[in-house]
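Engineer: Here's a structure for you.
The values are calculated or read from the model by the stated rules, or taken from the named source; none is laboratory data. For clarity, every value in this text was computed on a predicted model and none was experimentally measured. Positions of Cβ are generated from backbone atoms using ideal geometry, with glycine treated the same way; all protein chains shown enter the neighbour counts.
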Amino acid sequence: MRPRREWRLPTRRLGRRVLLFDSVDSTNTVAARLAADPANDGVAVLAGEQTAGRGRFGRSWQCTPGAGVLLSLLLLPPAPLRRPPVLTAWAAVSICETVREVAGLEPRIKWPNDVLVSGRKVCGILIEQGRGTVVGIGLNVNQRAEDFAEAGLEQAASIAFFTGRSLDCRQTARRLIERLDEEYDRLLADPGDLEARWRRGIGLTGQPVRVERADGTHQGWLRELTWETVVLQDREGSVLHFAPESVFHLTPAG
Ligand code: BTN
């Protein structure tokens, strides 16, 4: 399938080629097909519509045609950056910065891969790894509340829902790709800085939380949060260490 257009952004690594499609099955699928050629490292795929958009856990990702950013980036990262918690953090921080910049909103990161505004999901991230790593981002830009209600997605919202004005999806996507590129460079140079901004974006350190894992739900105070470990102190004072990959949900204990 051939893209309708192609951008060549003056970025460092990501988005030096952006393939723009009107409609695809899934931008993640299109990006994954490019992984056979190492020259495609950093290529971005952008679509106005997806007919089979994917979310996590086999769910579908629904977006009113033309109302959101449907973006996938193909990466062939060095080994230390291949871990999904690191890549999700990088994408989530970049999305928060972009939403702040283009709309003046204050997004938060919801573990592990959602971006929320006022508790409602405006963006999801889906990392898929095969021959390369594909980072898929679905950002809700101009959908109306009715669009989400019709799709049974009452917990979701768009940027326009909060600001009362619509944004140009292509321009928003372009800003997001540029930001992802800048933050990718920072991630390579100073991962600790990005990790600290991700931790602030989650904002639960020191607070009572619930940790959901395959072995059950654990409650306690979140003592430490890094890409290596989630440290919880339970009511009895025991300190528990969990690998981030093993934590499905980390939420405030209400
Ligand atoms: C989630 O919250 O479950 C993750 C959703 C990720 C959706 C994006 S939209 C662009 C890319 N292509 C897909 O098929 N999925 C991701």
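Per-residue answers, yes or no, for (1) at pLDDT below 95; (2) exposed (fewer than 13 other Cβ atoms within 10 Å of the Cβ); (3) touching a Lys or Arg at 6+ places or on another chain (Cβ under 9 Å):
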residue	(1), (2), (3)
R174	no, no, no
E182	no, no, yes
T217	no, yes, yes
V247	no, no, yes
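Engineer: Read through the list (1) within 26 Å of L250 (Cβ to Cβ); (2) modelled with pLDDT of 95 or more, then give the number of the only condition that R33 fails.
Structural biologist: Condition (1) is where R33 drops out.
Engineer: Another question, if that's okay. Please work out which one of (1) more than 10 Å from the ligand (Cβ to nearest atom); (2) under 22 Å from E212 (Cα atoms); (3) crowded, with 21+ Cβ neighbours inside 10 Å is the condition P107 fails and give its number.
Structural biologist: So the condition that P107 fails would be (2).
Engineer: Just checking, which of G201, G164, G136 is in contact with a Ser or Thr (Cβ under 8 Å, 6 or more places away or on another chain), under 17 Å from V122 (Cα atoms) and among the small types (G, A, S)?
Structural biologist: Exactly one residue qualifies, and that residue is G136.
Engineer: Anything in the stretch 184-200 that is surrounded by 20 or more Cβ atoms within 10 Å (Cβ to Cβ) and farther than 26 Å from L222 by Cα? List them, or say none.
Structural biologist: Answer for the stretch 184-200, where residues must be surrounded by 20 or more Cβ atoms within 10 Å (Cβ to Cβ) and farther than 26 Å from L222 by Cα: just Y184.
Engineer: Next question, about the same structure. Checking G203 against (1) in contact with a Leu (Cβ under 7 Å, 6 or more places away or on another chain); (2) surrounded by fewer than 15 Cβ atoms within 10 Å (Cβ to Cβ), which test does it fail?
Structural biologist: Of the numbered conditions (1) in contact with a Leu (Cβ under 7 Å, 6 or more places away or on another chain); (2) surrounded by fewer than 15 Cβ atoms within 10 Å (Cβ to Cβ), the odd one out for G203 is (1).
Engineer: Additional query: Collect the residues in the stretch 239-254 that are out of contact with any Phe, Trp or Tyr (no Cβ under 8 Å at 6 or more places or on another chain) and in contact (Cβ under 8 Å) with a residue 12 or more places away in the chain, keeping them in residue-number order.
Structural biologist: V239, L240, H241, F242, A243, E245, S246, F248, P252, A253
Engineer: Filter the strands (runs of 3 or more DSSP E) completely within the stretch 71-171 down to those with at least 2 residues that are free of Cβ contacts under 8 Å to residues at least 60 places away in the same chain.
Structural biologist: Because the criterion is at least 2 residues that are free of Cβ contacts under 8 Å to residues at least 60 places away in the same chain, the strands (runs of 3 or more DSSP E) in the stretch 71-171 that meet it are 114-117, 120-129.
Engineer: Look at the stretch 22-57 and say how many of its residues are touching a residue at least 40 places away in the same chain (Cβ under 8 Å), more than 14 Å from the ligand (Cβ to nearest atom) and in a strand (DSSP E or B).
Structural biologist: Qualifying residue count, the stretch 22-57: 0.
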